[in-house]
Amino acid sequence: MPTSESIRSMLTAGRNRLSSGRTAEVIDLVRAHPRKAAQLLECLWDEDPGVAMRAADALEKLSRNHPSLLSSWKAPLLGLLAQATENKLRWSLAATIPRLELTIPECRRVARTLQSWLEDTSSIVKTCALQGLADLTSQDPSLQPVVLDLLRIHSRSGTPAMRARGRMLLRQLEDSDKQALKSQSQTPARPR
């Protein structure tokens, strides 16, 4: 790949709007040259929806192991989350943003948006919103009661994907609750 080729031009390549095109090459390039993350992030606002969606896909995959690459872009990403309308952009952001280091008010802002996405027409968006909500509870435990209720509801009455993901997330959160309670009960009381 020529080093002068822009990330945007790499993301333009694709048979159709939903194809991944050269996303894997972009991911490898940003991993090798982290300063190129800015070019990738700028593509999220591209007028070509295919470019924006492939950028979101690459970003989501990068954020799995390198969420710190996005730290300086947190505010714009939070703004984009509230404005996103394309399904593929939404589900990528639902997975990516809870991986960022968020403040409690930011967690609650993200949670409100993700909760509204549970009414989306796309099963994938709704399922990713559930995942994002569950992921947020690690940064803001006060969200856990609401998220557990949502998981219980959607694991019974959601789409097949939501029911499956909801049951899995419910087990994970309930297991972590049990572990936390167990470790609290095993901690010796301090003398007064």
How high is the relative contact order of the chain? Use alpha-carbon pairs under 8 Å, at least six apart in sequence, and give a whole percent. 13 percent
Tilt, helix 23-32 to longest principal axis of the chain (alpha-carbon atoms), in degrees rounded to tens, equals 80 degrees
Once the Cα atoms of the range 102-185 are picked out, what are the Rg and Dmax in Å? 12.7, 44
Residue by residue through the range 49-60, the couplings from Karplus 6.51 cos²θ - 1.76 cosθ + 1.60 with θ = phi - 60°, in Hz, x for Gly and Pro, are x, x, 5, 4, 5, 5, 5, 5, 5, 4, 4, 4
Compute the angle between helix 160-186 and the longest alpha-carbon principal axis of the chain, please, reported from 0 to 90 degrees and rounded to the nearest 10. 50 degrees
3J(HN,Hα) from dihedral phi, the range 108-119, Karplus parametrisation 6.51/-1.76/1.60, rounded to Hz, x for glycine, proline: 5, 4, 5, 4, 4, 5, 5, 4, 5, 6, 5, 9
If amide H atoms are built 1.01 Å from N in the plane of the peptide, which residues on other chains or at least 5 residues away come under 5 Å of the amide H of ARG22? ALA13
Divide by every residue of the chain the summed helix terms, -39500 (n - 2.57) for each DSSP H run of at least 4, and state the resulting mean residue ellipticity at 222 nm, rounded to the nearest 500 deg cm²/dmol. -20500 deg cm²/dmol
Between ARG171, ARG90, ARG108, find the one with the highest GNM mean-square fluctuation for the chain; connect C-alpha pairs within less than 10 Å. ARG171
Using just the C-alpha positions of the chain as equal point scatterers, what log10 of I(q)/I(0) does the Debye formula give at each q in 0.10, 0.12, 0.19 1/Å? -0.46, -0.63, -1.25
Choose one answer from LEU80, LEU59, LEU136: the residue with the largest mean-square fluctuation in a GNM of the chain with alpha-carbon springs under 10 Å. LEU80
Counting sequence-distant residues (5 or more places) and residues on other chains, those with an amide H built under 5 Å from that of GLY158 are ARG163
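Only the coordinates and a few stated rules stand behind these numbers; no lab work does. This one's a predicted model, so the numbers in the text were calculated from it and none came from an experiment.
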